[in-house]
Amino acid sequence: MKWNALADALLESGALSADWERAFRAVPRGLFVPDRIHHGGEWIDRTERPVEWGELVGSDLPLVTRLAEDGSTPSSAGSMPTVVARMLRHLQVADGVRVLDIGTGTGWTAALLARRLGAANVTTVELDAELSVAAQHRLASNQFPVKAVVGDGMLGHPAGAPYDRVHVTAAVQRLPAALIEQTVPGGVIVVPYGTAFCNGGLLKLTVAEGGRSASGPFVEDVAFMWVRGQRPGSGEFEIEDVRHGPSGLDPAAVAEHTDAAFAIGLRLPGLFRQEVSAGYDRLGTGRFEAWDGVSYAHCRLADWDGRHAVSQSGPRDLWDEVTAAHAWWQRQGEPGLDRFGLTVTVAGEHRAWLDDPDHVVG
């Protein structure tokens, strides 16, 4: 009953569309969640704490199922049911549609697709062999014999191409040409997309006639773990010849506003940011940092308009660029994420746009 209650809530919110209701009710997440999940800084074991495990599985929460070698960074998780429902709704499937599901994880999404479309129409790819084997076991045990492949999902699965739909469950900064090439013209690719500045958009692309490009809008505000190999990194750089000055922009206007941060990331590709509070910061201050691997800038979160609030180093004045990009966003009417879109070509070009593909950003 708890799962049905969650399905009711998803229907009422609009996240779950009517054509997916039957699949959601028939395939509860609990059939695919491992016996151990990480929540609240600890592992919850089904055999030791069955009630708590069951409550989490039936909730509208993401469930971390594996941690990276550092013991704290999630490396695999079961997505929030709300997000899963929205992604499947944007996929716009119909009977007979063939789907490539990238990032098998627990196998739950592949099972939902199989319940809706038939197992013969679903291929799912997982990079981690151990995760794939476990998911295959759950899929087979629940009578969903989809084709499950161990491999790099960024290469797609050419042996089964072409596909009518591609469904990706990890965030990318660059969409590989292979995924466009393996999708039929008019086919849809739904993929979480982010920049080094802001990981935060669900992209819905339609492949053009001729199959040489795909274009479409951002349709949801979501944040996913990065595809392996595309996690943002700062590179190496040295801070020297530091230039100081006041800021014309309150960094909180960026740090606390996803739409602004997302727009800035599209405007300034390759710019990494983070908010930190280091031991040498004045008590209660903290800083907003930005760098491109060569140039570096930070702005104090408190007293941001003071004479030495901003420090910049390297060939670019990065904080000035962030401030200018924020002003550009304001001049456009402070557009939400859903007014932006992206066009990607098989040659590797990524063109972000506002409202229309001809209105290029950046």
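The values are calculated or read from the model by the stated rules, or taken from the named source; none is laboratory data. Because the structure is a prediction, the values reported are computed rather than measured. Positions of Cβ are generated from backbone atoms using ideal geometry, with glycine treated the same way; all protein chains shown enter the neighbour counts.
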The condition from (1) over 19 Å from Thr169 (Cβ atoms); (2) touching a strand residue (DSSP E or B) at 6+ places or on another chain (Cβ under 6 Å) that Thr65 misses is numbered (1)
Enumerated strands (runs of 3 or more DSSP E) restricted to segment 157-219, each holding at least 1 residues that are farther than 20 Å from Gly105 by Cβ, touching a residue at least 60 places away in the same chain (Cβ under 8 Å) and in contact with a His (Cβ under 7 Å, 6 or more places away or on another chain):
199-207
Can we say Val93 is modelled with pLDDT of 90 or more, assigned by TED's automatic domain parsing to the domain that holds Ala161 and over 21 Å from Gly14 (Cα atoms)?
no
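Looking at this structure, is Trp43 over 23 Å from the mean Cα position of the chain (by Cα), more than 19 Å from Ala110 (Cβ to Cβ), in the same structural domain as Gly103 (by TED's automatic domain parsing) and surrounded by 15 or more Cβ atoms within 10 Å (Cβ to Cβ)?
Taking the combined requirement at face value, the residue does not satisfy it.
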Out of segment 247-293, which residues are more than 21 Å from Arg307 (Cα to Cα), of a type in the set (D, E, K, R) and either modelled with pLDDT of 90 or more or surrounded by 15 or more Cβ atoms within 10 Å (Cβ to Cβ) (or both)?
Asp259, Arg267, Arg273, Asp292
Would you mind stating whether Ala223 is of a type outside the set (Ser, Thr, Tyr) and over 20 Å from His90 (Cα atoms)?
no
Might you let me know whether segment 223-233 holds any residue that is in contact with a strand residue (DSSP E or B) (Cβ under 9 Å, 6 or more places away or on another chain) and part of a strand (DSSP E or B)?
yes
Looking at segment 191-237, which of its residues are hydrophobic (A, V, I, L, M, F, W, C), touching a Leu at 6+ places or on another chain (Cβ under 6 Å) and surrounded by fewer than 20 Cβ atoms within 10 Å (Cβ to Cβ)?
Val219
Output the residue which, of all residues in segment 318-362 that are outside any strand (DSSP E or B), touching a helix residue (DSSP H, G or I) at 6+ places or on another chain (Cβ under 8 Å) and β-branched (Val, Ile, Thr), is farthest from Val188 (Cα to Cα).
Val322
Tell me which residues, restricted to segment 84-140, are of a type in the set (S, T, N, Q) and closer than 21 Å to Met154 by Cα.
Thr104, Thr106, Thr109, Asn121, Thr123, Thr124, Ser132, Gln136
Among the residues that make up segment 238-245, is at least one of them outside any loop (DSSP other than H, G, I, E, B) and either surrounded by 14 or more Cβ atoms within 10 Å (Cβ to Cβ) or of a type in the set (A, V, I, L, M, F, W, C) (or both)?
yes
For the subset of segment 345-362 comprising residues that are more than 17 Å from the chain's Cα centre (by Cα) and hydrophobic (A, V, I, L, M, F, W, C), which member is farthest from Thr206 (Cα to Cα)?
Val361
Hits in segment 72-127 - residues which are charged (D, E, K, R), closer than 19 Å to Thr206 by Cα and assigned to a helix (DSSP H, G or I)
Arg86, Arg89
Scanning segment 34-61 for residues that are touching a strand residue (DSSP E or B) at 6+ places or on another chain (Cβ under 6 Å) and not in a helix (DSSP H, G or I) gives Pro34, Arg36, Ile37, His38, Trp43, Ile44, Asp45
